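Engineer: Provided herewith is a single structure, encoded as structure tokens, for subsequent inquiry.
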Amino acid sequence: MKENHQEIKLCIAFTLYNPENRNLNKFIEIAQENDFVYIYDNSPSISFDFNELKKVPENLVYMSNGYNDGMSKALNQSCNFALSKNCTHILFLDQDSMFTNKEIKELLNHAIDYEIAIRGSIDRVAIYAPNIICEYVDEAKYLEKLNYEEREWLVTSGSLLDLNVFKEIGEFDENLFIDYVDTDYCIRLRKSG
């Protein structure tokens, strides 16, 4: 995060599939206030021509193979990009789970507060995720109230992953295309302690 989260260097990773052009300005807005934005486009054709835009921040990177690689590959590519930029954490999003910069800061603040609260204990948190309330109206309410509670598993979209954990546990299983990708990873996290 560019502002005051000195212990966290954040990459926000979007995995897209046939996104709408209206999202372009949101990606740019998010890149302006964060360390890195990595867009992995799983669409059958390239969705955006960033060369046509005048003000694309240097910290926004767009990747497309012109076909759908599956969720696991997209997540792995995103994590490896973030590691190459020395990021400490990655926030996974997609065109259906779009956070504002304010909501991103809120999630980071809660993660930092929780880490401080458990410092010195044997507890360790691998992934943070808000309770997402999606109402499919003009604006969904994503972060109404953040409380800490342990879950057996959670979805990757909207979650904040500590990249040290990714280095320890390893990559997402690319044999899984989309279904059970996040469940499998959470099971592996729990088994590792």
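The values are calculated or read from the model by the stated rules, or taken from the named source; none is laboratory data. Since the structure is predicted, the reported quantities are computational estimates derived from the model, not experimental observations. Every residue, glycine among them, receives a Cβ derived from its backbone with ideal geometry; neighbour counts consider all protein chains shown. Protein only, heavy atoms only, side chains kept; ligands, DNA and RNA dropped before computing areas. Shrake-Rupley method; radii C 1.70, N 1.55, O 1.52, S 1.80 Å.
Engineer: Can you tell me how many residues within segment 158-187 are over 19 Å from residue 91 (Cα atoms) and in a helix (DSSP H, G or I)?
Structural biologist: 1
Engineer: Looking at segment 146-159, can you tell me whether even one residue there is at pLDDT below 75, within 20 Å of residue 10 (Cβ to Cβ) and surrounded by 16 or more Cβ atoms within 10 Å (Cβ to Cβ)?
Structural biologist: Scanning segment 146-159 turns up at least one residue that is at pLDDT below 75, within 20 Å of residue 10 (Cβ to Cβ) and surrounded by 16 or more Cβ atoms within 10 Å (Cβ to Cβ).
Engineer: Then there is this: Name the residues in segment 15-30 that are free of Cβ contacts under 8 Å to residues at least 60 places away in the same chain and more than 16 Å from the chain's Cα centre (by Cα), would you?
Structural biologist: 18, 21, 22, 24, 25
Engineer: Quick check on segment 1-47: of everything there that is open to solvent by 80 Å² or more (accessible area, probe 1.4 Å) and charged (D, E, K, R), which residue is modelled with the highest pLDDT? Steps first, please.
Structural biologist: Step one: list which residues in segment 1-47 are open to solvent by 80 Å² or more (accessible area, probe 1.4 Å), which gives 2-4, 6-7, 17-18, 20-22, 25-26, 29, 32, 46.
After this cut, where a residue has to be charged (D, E, K, R) as well, the list is 2-3, 7, 20, 22, 26, 29.
Details: 2: 45, 3: 47, 7: 76, 20: 80, 22: 77, 26: 88, 29: 92.
Residue satisfying both the conditions and the ranking: 29.
Engineer: Also, quick follow-up: Please enumerate the residues belonging to segment 56-89 that are over 15 Å from residue 14 (Cβ atoms) and of a type in the set (Gly, Ala, Ser).
Structural biologist: Passing the criteria: 66, 70, 72, 84.
Engineer: Please go through segment 5-30 and give me each residue that is among the basic types (Lys, Arg) and within 23 Å of residue 89 (Cβ to Cβ), ordered by number. Steps first, answer last, please.
Structural biologist: Narrowing segment 5-30 to residues among the basic types (Lys, Arg): 9, 22, 26.
Within segment 5-30, 9, 26 qualify.
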